[in-house]
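**Student:** Below you will find the structure I want to go over with you.
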Amino acid sequence: MVQSLNYFAETPSQTAGPYVHIGLIPHQAGFDIFEQNFTNELAAAGTRGERIRIEGTVFDGAGVPIRDALVEIWQANAAGKYNHPADRQEKATDETFRGWGRAGADFNTGIWFFETIKPGAVVGRSGRGTMAPHVNLWIVARGINIGLNTRMYFADEAEANAKDPVLNLIEDESRRSTLIAQRRSATARRSIPSISICVVSARRCSWTFDPKGRCRISAAPCFALLFTIHSRPR
Amino acid sequence: MPWRAEFVMRDRTVHPPAFTPNYKTSVLRSPERPLLSLQNSLSEVTGPVFGHTELGPLDNDLLLNYAREGGSPIGERIIVHGQVLDGNGRPVPNVLVEFWQANAGGRYRHKNDNYVAPIDPNFGGCGRTTTDEAGHYSFRTVKPGPYPWRNHVNSWRPAHIHFSVFGSGFVQRLITQMYFEGDPLIPICPIVQTIPDPKAIERLIAPLDLNASVPLDTLAYRFDIVLRGSRSTLFENKLHGN
């Protein structure tokens, strides 16, 4: 026998289930109960930075949009500083910007979106190097037993992306692009530039962009995301 | 130094794996490729901060927060309380805890739930609170009912309350479900049984806490929640943390 280590084991995760909206975004479940609600709008009137809209769909392994997914994002402000006491970078804070939001996929289309600003670059692990501008995502839904964390990068930051320590962890270089938003031309409905990215994290899975710029997933099972980012005029 | 301490590696053996065919919906919703393992940077050790003032006075009282004037939901009145701790046993103060559940008949107030049990006009089924300086939280509600679901032809969920918890860092983010001591549906639930370790399942089952009940009024259950712990870390030959 040896001495015992008295660490506490983490509470096990369980799926958020099909009715996650009741607890986290009750309006989407069909009723209003709280005076203040947490939403998908991160940027306030005075928030500094380029306004963007991040729009996306989570696909299941059969390529079908997951219409009951809930997505949260966490990001730095335009100067590249998180609104959190552990961020001691000497950069400008922005009290109008918490940097967090949540959105439910539309029950019909599976599309979710955030109104936010493009984040600045953040210092790398242990204060070394720089991470390219990115948005952290957390995805839960019925059938997802433990929340999925991922990141989204921006195609117009090619130089920073090439040096990003996390993107460079991905051994297969061709797969790094699955985390990077590709800018595409303005959609017919919106006369604003937009970007789309696709994240696929499954084997036996391939993806292509269709003529409308939407990501199509083939081969199952897999887990995939499609983001569309619309830059919005200030 | 840009931060003080980082989180210990998540012990995946206490969690359900992503692919659990007996819970059918997981089959097409589980990553097949291995996940990329990231060490902590500022993106992982930071997370959203919530203030007490963002919540309303009845947000943690499901007996009252959707009840009509003078009304009250049907069901067993209960208090659910506990402490949010990290892996070192330290309280996690001032974090947002959210919860949602079916009513006493097992019906959710949700546009996609069409179970035959009726909606309770006095019950919304959701609430939220923040932990105090010692990591404690509590709320009042009614005990939820079990309900059937389409997995196998006769699958039933044990009575449960969903919990969503934030830590100080975004990688501590956790959603789970609390079950009730003595429920015979727990050992046969395909969602509970996605967790391979029986000891881990026990940590989701709240015991009756008679000492915390209100005599002649409300029973109580206790549910403690443990998030990933942080550690003292040698960065550039300096000990940080704690």
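**Student:** How large, in Å, is chain B by the Kirkwood hydrodynamic radius built from its alpha-carbon pairs? Walk me through the intermediate numbers first.
**Tutor:** Numbers: mean 1/r = 0.0509 Å⁻¹.
Roughly 19.6 Å, rounded to one decimal.
**Student:** While we're on this one: Let me know the number of lysine pairs in the protein assembly as shown closer than 26 Å at the Cα, not counting same-chain pairs under 8 apart.
**Tutor:** 13
**Student:** To continue, here is another question. Tally Lys/Arg at +1 and Asp/Glu at -1 over every other residue whose Cβ is under 11 Å from the Cβ of A:Pro165; what's the total?
**Tutor:** Net charge in that neighbourhood comes out at +2.
**Student:** Roughly how far apart, in whole Å, are the Cα centres of the range B:67-132 and the range A:84-139?
**Tutor:** 29 Å
**Student:** Further question on the same structure: What whole-number volume per residue, in cubic angstrom, does the convex hull of the C-alpha atoms of the protein assembly as shown give?
**Tutor:** In the protein assembly as shown, the Cα convex hull volume per residue is 167 Å³.
**Student:** Then there's this: Kindly write out, for the range A:51-62 in residue order, the coupling ³J(HN,Hα) from the Karplus curve 6.51 cos²θ - 1.76 cosθ + 1.60 (θ = phi - 60°), rounded to whole Hz, with x marking Gly and Pro.
**Tutor:** Per-residue couplings from phi come out as 5, 9, 10, 9, 10, x, 9, 9, 9, 8, x, 9 Hz.
**Student:** To continue, here is another question. Using the number of other C-beta atoms within 10 angstrom as an exposure proxy, rank A:Lys81, A:Lys118, B:Lys199, B:Lys111 with the fewest first.
**Tutor:** In order of increasing Cβ crowding within 10 Å: B:Lys199, B:Lys111, A:Lys118, A:Lys81.
**Student:** Here's another thing I want to ask about it. With θ taken as phi - 60° and the coefficients 6.51, -1.76 and 1.60, list the Karplus ³J(HN,Hα) couplings across the range A:141-146 in order, rounded to whole Hz; mark glycine and proline as x.
**Tutor:** Along the range A:141-146, the couplings run 5, 3, x, 9, 6, 9 Hz.
**Student:** When a footprinting reagent is the concern and you count Cβ atoms within 10 Å, what order do B:His136, A:His134 take, fewest first? Kindly include the intermediate steps, with their values, before the conclusion.
**Tutor:** Details: B:His136 15, A:His134 26.
Final ranking by Cβ density, sparse to dense: B:His136, A:His134.
**Student:** As I understand it, the dipole of the protein assembly as shown uses +1 on the Cβ of Lys and Arg and -1 on the Cβ of Asp and Glu, about the Cα centre. Which of B:Thr25, B:Phe223, B:Gly127 lies farthest toward its positive end?
**Tutor:** B:Thr25
**Student:** Rounded, prolate or oblate: pick one for the range B:12-127, where a ≥ b ≥ c are the square roots of the eigenvalues of its C-alpha gyration tensor, a/c under 1.5 means rounded, and failing that, prolate if a/b is larger than b/c, else oblate.
**Tutor:** Working: a/c = 2.51, a/b = 1.35, b/c = 1.86.
It is oblate, given that a/c is not under 1.5 and a/b is not larger than b/c.
**Student:** Additional query: If I build a Gaussian network model for chain B, linking alpha-carbon pairs within less than 10 angstrom, which residue out of B:Asp209, B:Asp217, B:Asp86 has the largest mean-square fluctuation?
**Tutor:** Of the options given, B:Asp217 has the highest mean-square fluctuation.
**Student:** Next question. Quick one: net charge around B:Gly124, please, counting Lys, Arg +1 and Asp, Glu -1 for every other residue with C-beta under 10 Å from its C-beta.
**Tutor:** -1
**Student:** Now, a different point. Return B:Ile205, A:Ile146 ranked ascending by Cβ neighbour count within 10 Å, so the fewest neighbours appear first.
**Tutor:** B:Ile205, A:Ile146
**Student:** Right, another one. Nearest 500 deg cm²/dmol is fine: what mean residue ellipticity at 222 nm does the protein assembly as shown get from its DSSP H runs of n ≥ 4 alone, each adding -39,500 (n - 2.57), divided by its residue count?
**Tutor:** When only DSSP H runs of four or more count, the value is -1000 deg cm²/dmol.
Quick note: the coordinates plus some simple rules give every number you see, no bench work behind them. Quick caveat, the model's predicted, so the values are computed rather than measured. Methodologically, a virtual Cβ is constructed for each residue, glycine included, from the backbone with ideal geometry; neighbour enumeration extends over all protein chains shown.
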